[in-house]
Amino acid sequence: MCVDATEHVVCQSKYFRAKCSSPDELVLVQRARYGRMNLSKCVRENFGYIGCSNDVIDIVDSHCSGRRACSLRVLDENFMNMKPCHEDLKLYLSVKYSCVEGQLLRDRPNCILLRVTHIISRPY
């Protein structure tokens, strides 16, 4: 069984929101980058600064993974004032996450118990 992942692109000053529809599922962040990765709805002009970004999975993961829903505003201060690109340019957040069956362990609030049904290794 493969887990479907959802990818979100969120422009500066907007909110990234993740939510799982089933009460038995939790958000699991797979990838998060902050910067100007590509031309997109948030970046319409190149200005010579495309491809500059920072990996922010630790920040987004701490806000979202293990929860049924989360919300995070895309502001520099929420990303430790990282400036991967020229500071006059607007940046955006790109997050890939999935909803997986699991539960929080009540006696260990920093731990998540995930139920994995199948792991299939596919040669490339």
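Out of the stretch 76-93, which residues are among the hydrophobic types (A, V, I, L, M, F, W, C) and modelled with pLDDT of 90 or more? Quick ask: steps written out before the conclusion?
Quick first cut of the stretch 76-93, residues among the hydrophobic types (A, V, I, L, M, F, W, C) only: 79-80, 82, 85, 89, 91, 93.
Those that are among the hydrophobic types (A, V, I, L, M, F, W, C) and modelled with pLDDT of 90 or more: L91, L93.
Could you grab the pairs with beta carbons closer than 7 Å, sequence gap of 6+ or different chains, first residue in the stretch 41-60 and buried (at least 19 other Cβ atoms within 10 Å of the Cβ), second one part of a strand (DSSP E or B) and aromatic (F, W, Y)?
C42/Y92; V43/Y92; S53/Y34; V56/Y34
Report, by residue number, each residue of the stretch 90-105 that is buried (at least 17 other Cβ atoms within 10 Å of the Cβ) and in a loop (DSSP other than H, G, I, E, B).
Going through the stretch 90-105, the residues buried (at least 17 other Cβ atoms within 10 Å of the Cβ) turn out to be 91-95, 97-100, 102.
Result: L91, single match.
Of all residues in the stretch 62-76, which are of a type outside the set (G, A, S) and in contact with a Leu (Cβ under 9 Å, 6 or more places away or on another chain)?
Let us first name the residues in the stretch 62-76 that are of a type outside the set (G, A, S), namely 63-64, 67-68, 70, 72-76.
Once the filter is applied, which keeps residues that are of a type outside the set (G, A, S) and in contact with a Leu (Cβ under 9 Å, 6 or more places away or on another chain), the stretch 62-76 yields H63, C64, R67, R68, L72, V74, D76.
Among the residues of the stretch 14-49, write down those that are aromatic (F, W, Y) and under 23 Å from M80 (Cβ atoms). Write out each step before concluding.
Let us first name the residues in the stretch 14-49 that are aromatic (F, W, Y), namely 15-16, 34, 47, 49.
Of everything in the stretch 14-49, those that are aromatic (F, W, Y) and under 23 Å from M80 (Cβ atoms) turn out to be Y15, F16, Y34, Y49.
The values are calculated or read from the model by the stated rules, or taken from the named source; none is laboratory data. Quantities reported herein were computed from a predicted structural model and do not represent experimental measurements. Here Cβ is always computed from backbone atoms with ideal geometry, including for glycine, and neighbour counts include all displayed protein chains.
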